[in-house]
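A quick write-up on the structure given underneath.
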Amino acid sequence: MRTGLIAVVGRPNVGKSTLVNLLVGAKISITSSKPQTTRDRILGVRTLADAQFVFADTPGFQTRHRSALNAAMNRTVTETLADMDAVVWVVEALKFTEADEQVLRLLPKQSPVVLAVNKVDQVEDKATLLPFLEAMAKRFDFAAIVPVSALKPEDGDYLLEVLKPLLPEAAPMFEEDAITDRSERFLAAETLREKVFRLTGDEIPYAVAVTIEKFEEEPPLKAGAERGLIRIAATIWVEREGHKPILLGKKGEKLKRIATEARQDMERLFGTKVFLDCWVKVKGGWTDNIGLLKRFGYG
C-alpha cells in the first residue's frame, strides 16, 4: 500500500480545484472564474486498492492585490509545500506568465514534482503543444510531464497512475470512504461562497466571506433513513454597502437564487434535505483586518 500527501499548486485560474475534484472523484473544492476562489488548504482523499492519495488543494499564489488576506493565502501555499511527498504543479497549456515563474521558484527540490499541463482540450492546433512541453521540461527537473484536461476522467486516472510510484509505502491516513478532511460546516460555507461568485459575475469582487451561524441536523423522520433535515443559517459578508443591494437583487430575487442553488448542491453533497437561511452583512476592510480574517476562518 502506498500513501502520501500531494500538493496541487499553481497561479490563480489554471484549474487546480477542478483538477483536484476530478482526482478525488467528488466536488470538495469550489470553482469559479474569479481569482482567489480557493483560500484554504483543503485535503481531498482518493483511495484505491493499492494506494491512498491525499491531495492538498491550495490557493493560487498571489502576485497582485496585496492585502492581509492574500498574504495569508500565500503563506498557506509555502507552508504546504514544505511537507509533501509529491507536488503537482498546474500550468495552463501554451501560457507561461510571470505569476507561473513565481510559483516555479517555490517548487521544492526534495520532493518529486509532476507538471500537469491543463486545458489541453482547448488547444486547437495540437502541434503547438510539443514545443511548449519541451520548453517547460527545461525549466525544472520534473518527475513527469502530463498533459491533461481537468474535465476528462480518463486524464485523472492516468495522472493517478503517474503519481502512485512517487508515494512512499505506508498505511492509509484516512478511512476508505473519506473524501476530505474538512467538516460539513466548512463545505456548506464554501458552497454558498461559490454561488455568490458564479451568480454575481464581475459585479461583486472577490472580497466576499461566508460564516455559518448555525448547522443543526434533525433526527431522521423515516425509519431506515440515514440522515435527517439539516438546518443551516449563513451570513454572506461584503466590504461595501454598495455590494449588498447587488447581492440581494430586485425584491431579493438574486439572493434567493444564490441560496437555492447552494442548497441544491449541499443536498447532493450531504445526501439529505437542507433548509438554508441566508443574510447579507457589510464589514468594511475585512480583507486587511487580521482579527476579522481569523473570525472568518482565514489566517
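Against the test of being modelled with pLDDT of 95 or more, touching a Leu at 6+ places or on another chain (Cβ under 9 Å) and small (G, A, S), the options A135, A93, A150, A171 yield a single qualifying residue, A93.
Any residue at all in the range 182-191 that's of a type in the set (S, T, Y), buried (at least 20 other Cβ atoms within 10 Å of the Cβ), in contact with a helix residue (DSSP H, G or I) (Cβ under 6 Å, 6 or more places away or on another chain) and not in a loop (DSSP other than H, G, I, E, B)? Checked against the condition, which is being of a type in the set (S, T, Y), buried (at least 20 other Cβ atoms within 10 Å of the Cβ), in contact with a helix residue (DSSP H, G or I) (Cβ under 6 Å, 6 or more places away or on another chain) and not in a loop (DSSP other than H, G, I, E, B), the range 182-191 yields at least one hit.
So which of A127, A144 ends up being over 21 Å from the mean Cα position of the chain (by Cα), of a type in the set (G, A, S) and open to solvent by less than 50 Å² (accessible area, probe 1.4 Å)? Within the list A127, A144, the selection yields A144. Condition test on E176, is it loosely packed, with under 14 Cβ neighbours inside 10 Å, within 22 Å of the chain's Cα centre (by Cα), more than 30 Å from T260 (Cα to Cα) and in contact (Cβ under 8 Å) with a residue 40 or more places away in the chain? For E176, the condition - loosely packed, with under 14 Cβ neighbours inside 10 Å, within 22 Å of the chain's Cα centre (by Cα), more than 30 Å from T260 (Cα to Cα) and in contact (Cβ under 8 Å) with a residue 40 or more places away in the chain - is met.
Sub-8 Å Cβ pairs linking a first residue in the range 190-202 that is more than 16 Å from A233 (Cα to Cα) to a second residue that is surrounded by 23 or more Cβ atoms within 10 Å (Cβ to Cβ) and among the small types (G, A, S), at least 6 apart or interchain, are E194/A262, ordered by first then second residue. If T200 passes every condition in (1) closer than 28 Å to L5 by Cβ; (2) modelled with pLDDT under 95; (3) of a type in the set (V, I, T); (4) open to solvent by less than 20 Å² (accessible area, probe 1.4 Å) but one, which one does it miss? Unmet for T200, out of (1) closer than 28 Å to L5 by Cβ; (2) modelled with pLDDT under 95; (3) of a type in the set (V, I, T); (4) open to solvent by less than 20 Å² (accessible area, probe 1.4 Å): (1).
Considering A223, A209, A233, the condition of being among the small types (G, A, S) and under 28 Å from N13 (Cα atoms) is satisfied by A209 alone.
Among residues of the range 181-197 being in contact with a Leu (Cβ under 9 Å, 6 or more places away or on another chain) and modelled with pLDDT under 90, the one that is nearest to T211 (Cα to Cα) is R182.
Filtering the range 219-248 to residues that are open to solvent by 30 Å² or more (accessible area, probe 1.4 Å) and within 21 Å of D202 (Cα to Cα) leaves E239, R240, E241, G242, K244, P245, I246, L248. Entry remark, the range 1-12: residues being assigned to a loop (DSSP other than H, G, I, E, B), modelled with pLDDT of 85 or more and either in contact with a Gly (Cβ under 8 Å, 6 or more places away or on another chain) or among the polar types (S, T, N, Q) (or both) number 2 in total.
The values are calculated or read from the model by the stated rules, or taken from the named source; none is laboratory data. Quick caveat: nothing in here was measured; it's all calculated off a predicted structure. Here the Cβ is made from the backbone with ideal geometry for all residues, glycine too, and neighbour counts use every protein chain on show. Keep in mind that these areas ignore ligands, DNA and RNA; they rest on the heavy atoms of the full protein, side chains included. Shrake-Rupley method; radii C 1.70, N 1.55, O 1.52, S 1.80 Å.
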